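S.K.: Got a structure here, written out as structure tokens. Questions coming.
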Amino acid sequence: MPDKQNMTDEEVRRLSWRCRRGLLELDIVLQRFSESHLSTLTKLELLAFDSLLDLPDNEFLDVVTSRIKFVNVDAFKAKQIDTDAMQSVITKLSAH
């Protein structure tokens with residue numbers, strides 16, 4: 001995924017589409033997050049956010065609301081995700 005300066009409109013639309021979820025609470029958080037932060041994320045944050053979007057809704061919401069720590073998510077253990085970038089994204093998501 002390219003960095004924010006090279007992110008195409010198609011990539012922004014793809015990420016925005018992936019933000020549509022089945023849980024209303026998560027949908028609201030992601031909509032607000034997208035409007036406020038999507039265009040300003042760094043490359044590492046975009047990769048972390050993309051990984052979060054791969055999670056099932058309930059697990060995603062648990063990470064955003066700090067019910068579980070992202071380091072304890074099995075899906076992330078095999079991936080090499082920048083922990084600072086992931087924490088930054090989660091902090092931004094939690095603010096909404």
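Just so it is clear, none of the values below were taken in a lab; they were calculated from the coordinates. No experiment lies behind these values; they were computed from the predicted model shown. For neighbour counting, all protein chains shown are included, and Cβ atoms are generated from backbone atoms with ideal geometry for every residue, glycine included.
S.K.: Go through segment 69-96 and give me each residue that's of a type in the set (A, V, I, L, M), assigned to a helix (DSSP H, G or I) and surrounded by 15 or more Cβ atoms within 10 Å (Cβ to Cβ).
M.R.: Answer for segment 69-96, where residues must be of a type in the set (A, V, I, L, M), assigned to a helix (DSSP H, G or I) and surrounded by 15 or more Cβ atoms within 10 Å (Cβ to Cβ): ALA85, MET86, VAL89, ILE90, LEU93.
S.K.: Would you say ARG32 is among the charged types (D, E, K, R) and under 19 Å from ARG13 (Cβ atoms)?
M.R.: Criteria met by ARG32.
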